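Before any comments, here is the structure.
The values are calculated or read from the model by the stated rules, or taken from the named source; none is laboratory data. This is a predicted model, so every value here is computed, not measured. Neighbour counts are summed over all protein chains in view; Cβ atoms, including those assigned to glycine, are modelled from backbone coordinates with ideal geometry. Ligands, DNA and RNA are stripped out before the accessible areas are found, and what is left, the full protein with its side chains, is counted by its heavy atoms. Shrake-Rupley method; radii C 1.70, N 1.55, O 1.52, S 1.80 Å.
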Amino acid sequence: MFIPYGKQTISEEDIEEVVSVLKSDYLTTGPKIEEFENRLCEYTDAKYCVVVSNGTAALHLASMVLLEKNDKVLTTPNSFLATSNSILYVNAQPIFVDISKDGNIDLDLCEEKLKNDPSIKALYVVAFSGNMLNQKKLKYLKEKYNVIIVEDCAHAIGATFDGIKAGSCKNSDCSIFSFHPVKHLTTGEGGAITTNSKEIYEKLLVLRNHGMYKDSSMEPWYYEMRELGFNYRITDIQCALGISQLKKLDKFCERRYQIAQKYDISFKDTKIKPLYKYDGNSSYHLYVVLVDFNNLTITKTELFNRLKENNIRIQLHYIPINKQPYYKNLGYGDIKTPVMDKYYEQCFSLPMYPLLSNEEQDYVIKTLLETINE
Ligand SMILES: Cc1ncc(COP(=O)(O)O)c(C=O)c1O
């Protein structure tokens with residue numbers, strides 16, 4: 001038995017919902033798809049939602065609809081690969097902008113870039129760890145520079161900023177979610193795109209299903225492919241799990257908040273510095289801490305290994321995307337992101353999931369403090 005950094009919470013009700021779909025007529029393209037989409041719209045305040053096979057597919061489809069070849073897109077190095085990969089999928093050009101102290105893209109630096117280069121088309125932000133971007137600033141950038149905005153909310157379902165919900169797209173064109181098991185709510189693999197634009201919504205529906213059109217005015221057997229789409233469908237089995245999980249999402253977030261508060265208190269006046277203080281915005285997908293290893297005898301690798309020996313699996317979010325060999329080969333190796341580089345030296349993520357018991361959390365805190373203080 002080991003304590004991971006994240007894992008799912010599955011109840012008997014979840015299992016019953018999944019089993020009932022297995023006994024029904026539709027395993028896929030059935031009624032659970034729209035039901036999950038409607039529930040997600042209600043939860044996020046967005047007008048439209050398209051559920052898909054994973055968060056990466058959600059980003060890919062959003063990019064297909066919003067971007068054109070060679071478009072310049074500002075984005076963050078502090079994310080999972082999928083965020084900027086989705087820009088490359090459509091032959092557009094990611095431009096990595098440094099992060100600010102809270103781990104999110106620095107919107108002031110984004111503004112400088114937008115000022116200096118009016119040809120920049122879009123801004124892909126990530127609500128890192130569940131901490132939403134400053135919505136006032138996003139609104140200002142969108143209005144002043146007429147820039148397309150995608151919010152990658154893979155970490156952020158359940159988060160708010162000044163009452164604006166993650167995924168509501170109040171100040172963006174699309175938001176995306178991931179329902180991977182380490183996320184707040186899971187469908188095994190799964191994802192969603194939300195938007196308030198009917199036009200974007202209709203394009204997404206077609207691209208999710210091979211670019212195929214079919215309507216009641218056509219012959220009963222006839223379908224027509226007008227563009228190149230994909231099979232990015234999600235199953236009814238998965239959506240039944242998602243609907244059931246969504247009912248418990250607020251409780252999950254509440255429990256994550258308690259865990260975060262306990263970490264905050266335990267690390268006060270220690271060498272472990274929480275990335276940011278909870279201020280009512282975050283949904284705490286991750287609890288990231290910073291440690292200055294230059295002032296310790298132990299290295300980061302040794303810390304990871306020592307905790308692993310004690311059955312605690314911490315994680316690191318993230319290796320700067322621009323430093324990945326693939327991106328270096330594309331010429332991104334020399335880009336200067338000093339805040340990100342320093343963050344990467346110091347950061348790691350502690351166990352954070354609703355089923356983490358008080359005893360387990362005490363054990364994590366004690367082991368970590370002892371190892372760091374040796
Ligand atoms: C910020 C971010 N964006 C996108 C994704 C991709 O989601 P998925 O794994 O569902 O494809 C992830 C998944 O880890 C993520 O953390």
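Accessible surface comparison of TYR223, TYR124, probe 1.4 Å, protein chains only, largest first: the order is TYR223, TYR124.
Each of THR235, ILE164, TYR344 was placed along the dipole of the chain (beta-carbon charges, centred on the mean Cα), and the one lying farthest toward the positive end is TYR344. Electrostatic bookkeeping for TYR201 treats Lys and Arg as +1 and Asp and Glu as -1; over the other residues with beta carbon under 12 Å from its beta carbon, the sum is 0. Using 0.36 nm per residue and subtracting the Cα-Cα separation, the extra length available between ASP117 and LYS247 on full extension is 42.4 nm.
Note on region 306-374: Rg/Rh from C-alpha atoms, Kirkwood Rh, equals 1.13.
Normalised per residue, the accessible area of the chain is 47 Å², obtained with a 1.4 Å probe and no contribution from ligands, DNA or RNA.
Length available on full extension from LEU81 to TYR213: 0.36 nm per residue minus the Cα-Cα distance, which gives 44.4 nm. The sum of -39500 (n - 2.57) across all DSSP H runs of n ≥ 4, divided by the residue count of the chain, sets its helix-only mean residue ellipticity at 222 nm to -11500 deg cm²/dmol.
Between the alpha-carbon centres of region 1-48 and region 222-282 there is a gap of 14 Å. Oblate is the label for region 214-367, because the ratio a/c of its alpha-carbon gyration tensor axes (a ≥ b ≥ c) is 1.5 or higher and a/b is not greater than b/c.
Going by the alpha-carbon gyration tensor, a ≥ b ≥ c the square roots of its eigenvalues, is the chain rounded (a/c under 1.5) or, if a/c is not under 1.5, prolate (a/b greater than b/c) versus oblate? The shape class here is oblate.
Counted residue by residue at 0.36 nm each, then reduced by the alpha carbon distance between them, the extension gain from TRP221 to GLU199 reaches 5.3 nm. Across region 1-42, the residues whose backbone nitrogen lies under 16 Å from the label position 7 Å along the beta-carbon direction of TYR363 are 1-7. Could you tell me how far the Cα centroid of region 109-174 sits from the Cα centroid of region 325-350, in Å? So the two Cα centres are separated by 21 Å. Charges were assigned to the Cβ only: +1 to each Lys and Arg, -1 to each Asp and Glu. The resulting dipole of the chain about its Cα centre is roughly 640 debye. Of the chymotrypsin sites (Phe, Trp or Tyr not before Pro) found in region 4-37, the ones in coil according to DSSP and having at most 15 other Cβ atoms within 10 Å of their Cβ are TYR26. Relative contact order of region 60-206: 18 percent, from C-alpha pairs under 8 Å at least 6 residues apart in sequence.
Treating only the Cβ of Lys, Arg, Asp and Glu as charged (+1, +1, -1, -1), what charge dipole size does region 243-349 show about its Cα centre? Round to the nearest 20 debye.
Roughly 320 debye for region 243-349.
Leaving out ligands, DNA and RNA, what percent of the accessible area of region 151-241 is carbon and sulfur, probe 1.4 Å? About 53 percent, which is the carbon plus sulfur part of the accessible surface. Shape call for region 156-243 from the C-alpha gyration tensor, a ≥ b ≥ c root eigenvalues: rounded (a/c under 1.5), prolate (a/b greater than b/c) or oblate? Cα axes put region 156-243 in the oblate bin. What residues from region 337-372 fall in the zone where the backbone N is under 17 Å from a label point 7 Å along the Cα-to-C-beta line of LYS7? Counting only backbone N, you get 350-365. For TYR363, neighbours were defined as the other residues whose beta-carbon sits under 15 Å from its Cβ, and their charges (Lys and Arg +1, Asp and Glu -1) total 0. Treating the angle as unsigned and between 0 and 90°, give the value, to the nearest 10°, between the Cα long axis of helix 249-266 and the longest Cα principal axis of the chain. Helix 249-266 and the main axis of the chain meet at about 20 degrees.
Legend: calculated FRET efficiency, ASN294 to LEU88, from the Cβ-Cβ distance at R0 = 35 Å, rounded to 0.05, equals 0.50. If you take all other residues with their beta carbon under 9 Å from the beta carbon of CYS169, and give Lys and Arg +1 and Asp and Glu -1, the sum is -1. Each listed q (0.15, 0.23 Å⁻¹) maps to a log10 I(q)/I(0) for region 193-285 from the Debye sum over equal C-alpha point scatterers, namely -0.82, -1.15.
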